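Written below as structure tokens is the structure these notes are about.
The values are calculated or read from the model by the stated rules, or taken from the named source; none is laboratory data. Everything quoted here is computed from the prediction, not taken from an experiment. Cβ sites come from the backbone with ideal geometry, for glycine too, and all protein chains shown count toward neighbours.
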Amino acid sequence: MLQLSLLDPNPSDRRPARVGGATIDYADASAILTRPTGRLRGSIDFTLNPYQGCSFACSYCYAAFFVADEGQRERWGEWVRVKTNAVERLRAMRVDLRRRTVLMSSATDPYQPIERRLEMVRALLPILARRGASLAVQTRSPLVTRDADLFHEFRRARVGLSITTDSDEVRKRFEPRCASIEQRLAAAAELVDAGIRVNIGVSPMLPLEHPAEFAARIQATGAQSVRIGRFHESNVPFAAGTRDGALAIARELGWTKERQASAAAELRHHLQRLEREAA
């Protein structure tokens with residue numbers, strides 16, 4: 001495990017300068033636990049983002065809208081900033097996390113490729129557990145299964161796993177740096193088998209080839225709940241929305257609002273119980 005408490009600020013063999021198609025830089029953060037805003041307010045008490053940016057580079061990712069620097073917004077997916085003092089700051093905080101839920105993460109993927117090298121999340125989880133927090137994880141990476149042992153240390157833990165389409169050809173167009181659909185379904189099943197509560201997020205729902213068969217594959221994982229969401233277009237600055245690149249791919253593939261609505265209705269028909277559980 002990389003010790004980010006080292007004083008040398010320059011990348012070295014222990015601080016890789018490039019991982020997963022993205023350049024990596026390192027900087028201390030002023031805060032590590034933050035109060036949620038928008039739709040998360042009321043359901044989550046704190047968010048924890050160990051990284052800024054994300055090398056998965058999903059074309060639709062809303063998180064780019066929250067980056068103040070226009071150049072970084074344009075290069076979303078090509079850079080990641082590691083919050084080098086995240087573990088130290090969390091240890092130093094005196095906040096009582098009992099009966100509080102922490103979401104990891106709201107604006108980055110905590111299990112993106114750099115995490116395999118640094119194990120930042122794996123260092124943060126035991127601190128949260130000792131503080132009595134409940135944990136919600138959101139990711140699209142099968143690497144999340146690595147930490148199943150640590151999830152058991154929490155009073156309550158839930159893993160949200162994004163599986164946005166049933167087609168790897170579609171996945172490659174929108175999410176070229178992400179794990180395959182089969183790998184993610186297998187990760188969901190592995191977590192369930194380990195006794196972890198799993199929510200599968202079909203959000204945003206990308207073009208589907210066989211909605212009924214996809215529903216059956218989701219059910220076969222044993223996941224306890226599912227959320228289904230469609231593309232969201234927004235012209236409000238710093239508001240979450242589907243990015244132009246994804247909308248262009250969707251138009252090219254004929255993924256019209258009508259097709260989205262039809263596929264969502266069929267998926268919901270087969271997953272009614274799991275969607276009620278998510279609600």
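Numerical summary
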item: Residues satisfying the stated conditions in region 166-215, i.e. among the small types (Gly, Ala, Ser) and free of Cβ contacts under 8 Å to residues at least 40 places away in the same chain; result: ALA179, SER180, ALA188, ALA189
item: Hey, ILE218 surrounded by 19 or more Cβ atoms within 10 Å (Cβ to Cβ), in a strand (DSSP E or B) and either without any contact (Cβ under 8 Å) to a residue 24 or more places away in the chain or among the hydrophobic types (A, V, I, L, M, F, W, C) (or both) or not; result: no
item: Candidate set: region 203-233, residues that are touching a Ser or Thr at 6+ places or on another chain (Cβ under 8 Å) and more than 16 Å from GLU275 (Cβ to Cβ); chosen: the one modelled with the lowest pLDDT; result: GLU233
item: Failed criterion for GLU74 (all others in (1) over 12 Å from the mean Cα position of the chain (by Cα); (2) at pLDDT 90 or above hold); result: (2)
item: Residue ranges of helices (runs of 4 or more DSSP H) in region 39-154 with at least 1 members touching a helix residue (DSSP H, G or I) at 6+ places or on another chain (Cβ under 9 Å) and closer than 24 Å to GLN183 by Cα; result: 113-118, 120-130, 148-151
item: Lone qualifier among ALA188, ALA250 - being more than 26 Å from LEU40 (Cα to Cα) and either at pLDDT 95 or above or part of a helix (DSSP H, G or I) (or both); result: ALA250
item: Of the criteria (1) of a type outside the set (Asp, Glu); (2) out of contact with any Gly (no Cβ under 9 Å at 6 or more places or on another chain); (3) surrounded by fewer than 22 Cβ atoms within 10 Å (Cβ to Cβ), which one TRP79 fails; result: (2)
item: Pairs where the first residue, in region 83-99, is free of Cβ contacts under 8 Å to residues at least 40 places away in the same chain and the second is of a type in the set (Gly, Ala, Ser), C-beta under 6 Å, 6+ apart; result: ARG98/GLY132
item: Members of region 59-71 that are modelled with pLDDT of 80 or more and more than 16 Å from SER105 (Cα to Cα); result: SER59, TYR60
item: Selection count where residues are under 19 Å from PHE174 (Cβ atoms) and either touching a residue at least 60 places away in the same chain (Cβ under 8 Å) or touching a helix residue (DSSP H, G or I) at 6+ places or on another chain (Cβ under 6 Å) (or both), scope region 254-279; result: 2
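Quick grid of which residues meet (1) more than 16 Å from the chain's Cα centre (by Cα); (2) on the phi > 0 side of the Ramachandran plot:
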{"residue": "GLY132", "(1), (2)": "yes, yes"}
{"residue": "HIS152", "(1), (2)": "yes, no"}
{"residue": "ARG158", "(1), (2)": "no, no"}
{"residue": "SER162", "(1), (2)": "no, no"}
{"residue": "ALA179", "(1), (2)": "no, no"}
